[in-house]
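**Q** My questions all concern the structure below.
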Amino acid sequence: MPREEEGRRGFPGRTSGPVRSTEDERMLRPPYPEEATFVRTDTWRVLRIMGEFVEGFEELAGLGPAVTFFGSARVDPSDPMYAAAVETARLLGESGFAIITGGGPGIMEAGNRGAREAGVPSVGLNIELPYEQGCNPFVDLPVEFRYFFVRKTMFVKYAQAFVIFPGGFGTMDELFEALTLIQTGKVHDFPVILFGSDYWRGMCRWLREVVLEDGKISRADMDLLALTDSPEEVRELVMSSARERARAEEEARRASRRAAGDER
Ligand SMILES: CC(C)=CCNc1ncnc2c1ncn2[C@@H]1O[C@H](COP(=O)(O)O)[C@@H](O)[C@H]1O
């Protein structure tokens, strides 16, 4: 007898005819041994991914204006870039921006430290790694992720700008993801600020002299990047973009009110 039909012979009230098992019934029975491994299947994984999105959205929805910091996990507090990141985060914090980082060491820790000094929310979007890693001690609002791509959505969705300090593959990945989202019109009025001109100059030159020259990006794409060594200038760039964004959002709201009024 097929497994779905097991145990249905004594179904009260049933006289004859085919028996069809129901979803509810299948859910209520204990799993067969071979089914017990379902928690390692892709189907189950999709639910975990959904759960991560839901938790991230819930934790961060009320955050208010924020700036995301990226940069090397390998910078220690004696590095001048660490101090620059603390200072930049502090200035942005004093202007009312929460700071979001990857929650790890190095520049992430510096960003959270500056947020703590300014008394604004200090968010750490921690990622599960093969070795144990808690959030750095300056994170006040930790959110844990298993999946890089879910975490990356949160970095963009809840920030009004990215400030990118010198870093390696992880930092480059985050930088170029932001540029792609802007270039393809998925996010607007979103400054991408490279901090540390000595470090980034070579990459910018290569983008201009090779990538642009070869027609792989447009001249306007180069304008998506701002390069600076000044925490104050970061604050100015972020604030002026935030003003522009607020103006555009207000304009869009007015237009939709006008359209709603016209329809009545
Ligand atoms: C010392 C070490 C490798 C620690 C790894 N611990 C990490 N914890 C949290 N986020 C990370 C970590 N490593 C890389 N990332 C992500 O990638 C970026 C840094 O990568 P990288 O060090 O530039 O390439 C960060 O902005 C962060 O979002």
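**Q** Listed residues Glu25, Glu59, Glu34, Glu55; which is more than 15 Å from the chain's Cα centre (by Cα) and surrounded by 10 or more Cβ atoms within 10 Å (Cβ to Cβ)? Spell out the reasoning first.
**A** Details: Glu59 fails: more than 15 Å from the chain's Cα centre (by Cα); Glu34 fails: surrounded by 10 or more Cβ atoms within 10 Å (Cβ to Cβ); Glu55 fails: more than 15 Å from the chain's Cα centre (by Cα).
Of Glu25, Glu59, Glu34, Glu55, the one residue that is more than 15 Å from the chain's Cα centre (by Cα) and surrounded by 10 or more Cβ atoms within 10 Å (Cβ to Cβ) is Glu25.
**Q** Cβ-Cβ under 9 Å, sequence separation 6+ or interchain: first residue in region 203-225 and within 19 Å of Phe165 (Cβ to Cβ), partner of a type outside the set (A, V, I, L, M). Which pairs?
**A** Partner pairs satisfying both residue conditions: Cys204/Ser197; Leu207/Asp221; Leu224/Gln183; Leu224/Phe190; Leu224/Pro191; Leu225/Trp200; Leu225/Cys204.
**Q** Same structure again: State which residue is nearest to the chain's Cα centre (by Cα) when the search covers only region 88-103 and only residues that are surrounded by 24 or more Cβ atoms within 10 Å (Cβ to Cβ) and of a type in the set (Ser, Thr, Tyr).
**A** Thr101
**Q** Another question about this same structure. Inspect region 201-209 for any residue being under 25 Å from Glu87 (Cα atoms) and crowded, with 18+ Cβ neighbours inside 10 Å and give the result as yes or no.
**A** No.
**Q** So if I check each of Val143, Val163, which one is modelled with pLDDT of 95 or more, closer than 29 Å to Gly202 by Cα and in contact with a helix residue (DSSP H, G or I) (Cβ under 8 Å, 6 or more places away or on another chain)?
**A** Val163
**Q** To continue, here is another question. Within region 169-198, can you find the residues that are in contact with a Phe, Trp or Tyr (Cβ under 8 Å, 6 or more places away or on another chain) and over 20 Å from Val238 (Cβ atoms)?
**A** Of everything in region 169-198, just one residue is in contact with a Phe, Trp or Tyr (Cβ under 8 Å, 6 or more places away or on another chain) and over 20 Å from Val238 (Cβ atoms), namely Gly170.
**Q** Checking the conditions here, which among Ile107, Ile193, Ile182 is in contact (Cβ under 8 Å) with a residue 40 or more places away in the chain, near the ligand (Cβ under 10 Å from one of its atoms) and within 26 Å of Arg245 (Cβ to Cβ)? Spell out how you get there, then give the answer.
**A** Details: Ile193 fails: near the ligand (Cβ under 10 Å from one of its atoms); Ile182 fails: near the ligand (Cβ under 10 Å from one of its atoms).
Just one listed residue meets the conditions, Ile107.
**Q** Across region 74-87, what is the number of residues that are buried (at least 18 other Cβ atoms within 10 Å of the Cβ) and among the small types (Gly, Ala, Ser)?
**A** Counting residues in region 74-87 that are buried (at least 18 other Cβ atoms within 10 Å of the Cβ) and among the small types (Gly, Ala, Ser) gives 2.
**Q** Which of the residues belonging to region 144-170 are within 12 Å of the ligand (Cβ to nearest atom) and either acidic (Asp, Glu) or assigned to a strand (DSSP E or B) (or both)?
**A** The answer is Glu144, Phe145, Phe162, Val163, Ile164.
**Q** Pairs only if they're at least six apart or on different chains, beta carbon under 8 angstrom, first in region 63-76 and within 7 Å of the ligand (Cβ to nearest atom), second charged (D, E, K, R); list them, first residue then second.
**A** The qualifying pairs are Phe70/Glu174.
**Q** At least 3 residues that are out of contact with any strand residue (DSSP E or B) (no Cβ under 8 Å at 6 or more places or on another chain) in each: list the strands (runs of 3 or more DSSP E) lying fully within region 51-136 that qualify.
**A** Working: elements: 66-70, 98-101, 122-127.
Filter on region 51-136 gives an empty set.
**Q** Using the structure shown, decide if Asp214 is part of a loop (DSSP other than H, G, I, E, B) and over 24 Å from Val238 (Cβ atoms).
**A** It is true that Asp214 is part of a loop (DSSP other than H, G, I, E, B) and over 24 Å from Val238 (Cβ atoms).
**Q** Oh, and also: Could you check region 217-264 and list, in sequence order, the residues that are hydroxyl-bearing (Ser, Thr, Tyr) and part of a helix (DSSP H, G or I)?
**A** Keep residues of region 217-264 that are hydroxyl-bearing (Ser, Thr, Tyr), which gives 218, 228, 230, 240-241, 256.
Residues satisfying the conditions are Ser240, Ser241, Ser256.
**Q** Look at Ile182 and say whether it is closer than 23 Å to Asp76 by Cα and either surrounded by fewer than 21 Cβ atoms within 10 Å (Cβ to Cβ) or among the β-branched types (Val, Ile, Thr) (or both).
**A** no
**Q** Taking Arg48 and the conditions (1) at pLDDT 65 or above; (2) surrounded by 10 or more Cβ atoms within 10 Å (Cβ to Cβ); (3) out of contact with any Phe, Trp or Tyr (no Cβ under 9 Å at 6 or more places or on another chain); (4) part of a helix (DSSP H, G or I), which numbered condition does it fall short on, given that it satisfies the others?
**A** In the conditions (1) at pLDDT 65 or above; (2) surrounded by 10 or more Cβ atoms within 10 Å (Cβ to Cβ); (3) out of contact with any Phe, Trp or Tyr (no Cβ under 9 Å at 6 or more places or on another chain); (4) part of a helix (DSSP H, G or I), Arg48 misses (3) alone.
The values are calculated or read from the model by the stated rules, or taken from the named source; none is laboratory data. Note that the structure is a prediction, hence the values are computed from the model and not measured. Quick reminder, even Gly has a Cβ in these numbers, built from the backbone with ideal geometry, and neighbours come from all protein chains shown.
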